[in-house]
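Notes for the one structure printed next.
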Amino acid sequence: MLPLRLTIPGGRPLSVLAVGAHPDDIEIGAGGMLLSLAESQPGLQARYVVLTGTEDRRIEARNAADAFLPGTDLAVELFDLPEGRLPAAWDRVKEILERVAQSCSPDLIIAPFRGDAHQDHRVIAEIVPTVFRDQLYLAYEIPKWDGDLGRPSLYFPLSADQARRKVELLHKCFQSQKNHDWWDDEVFLGMARLRGMECRAPYAEAFVCTKSLISC
């Protein structure tokens, strides 16, 4: 496979927008990528937007953003829309994302996948392409009991150390989730190993990209 590199003409810093329905969505879906970008992209500009969460969960989200994007120019926006009810709050989600789009023009957007079985994830995935039309949009995947994993079109390879660091930070940042039967090393590392096998890497995160531009 031909590797594509996230480099910006003129040498300016890369800017990234990460959107999640719930605290931990972004980190489960793209935590390894964020850790790698924070390390490899000098001056990385990052913006976090998480749409639901109790006060305690929003604290977790804030701490996770700092942990997964250390040393970056980071802005975090946390909202308390009703979890599991974003279809009923569609107008509010649209309003929030439109406001974000009016205030920034990121090079890369990381957000949920349109084919995700969770209704909150789908709402965001439906709206993101309507308010951001000229950005590279990578849709992350989140394993769940619904069995909704699709066929990704883009992979971000991770070393064994990066994959394990991601899982270590998931446990550290999201203590509220540790009692869930799906929240364990085997799920996270097993998923990453499977995607790594598909792109000939030790581990990987996988994304769906429906539209991209190639230039030479």
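Here, each number is a calculation from the coordinates, and none is a lab measurement. Quantities reported herein were computed from a predicted structural model and do not represent experimental measurements. Cβ atoms come from the backbone with ideal geometry, glycine included; neighbour counts cover every protein chain shown.
Here is how the numbers come out for the structure above:
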{"item": "The range 35-77, subset in a loop (DSSP other than H, G, I, E, B) and either under 14 Å from the mean Cα position of the chain (by Cα) or of a type in the set (A, V, I, L, M) (or both), residue surrounded by the fewest Cβ atoms within 10 Å (Cβ to Cβ)", "result": "44"}
{"item": "Tally of residues being of a type outside the set (Asp, Glu), touching a residue at least 40 places away in the same chain (Cβ under 8 Å) and more than 19 Å from residue 209 (Cβ to Cβ) across the range 1-44", "result": "5"}
{"item": "Number of the condition not met by residue 167 [criteria: (1) in contact (Cβ under 8 Å) with a residue 40 or more places away in the chain; (2) under 14 Å from residue 33 (Cα atoms); (3) assigned to a helix (DSSP H, G or I)]", "result": "(1)"}
{"item": "Close pairs from the range 61-90: first on the phi > 0 side of the Ramachandran plot, partner in a helix (DSSP H, G or I) and surrounded by 15 or more Cβ atoms within 10 Å (Cβ to Cβ), Cβ under 6 Å, at least 6 apart", "result": "none"}
{"item": "Test: residue 164 is surrounded by fewer than 19 Cβ atoms within 10 Å (Cβ to Cβ) and under 13 Å from residue 208 (Cα atoms)", "result": "no"}
{"item": "Residue 110 in contact (Cβ under 8 Å) with a residue 60 or more places away in the chain, within 15 Å of the chain's Cα centre (by Cα) and not in a helix (DSSP H, G or I)", "result": "yes"}
{"item": "Selection within the range 170-216 - of a type in the set (Gly, Ala, Ser) and either in a helix (DSSP H, G or I) or more than 16 Å from the chain's Cα centre (by Cα) (or both)", "result": "176, 190, 192, 196, 201, 212, 215"}
{"item": "Residue in the range 113-125 that is over 28 Å from residue 145 (Cα atoms), assigned to a helix (DSSP H, G or I) and not hydrophobic (A, V, I, L, M, F, W, C) present", "result": "no"}
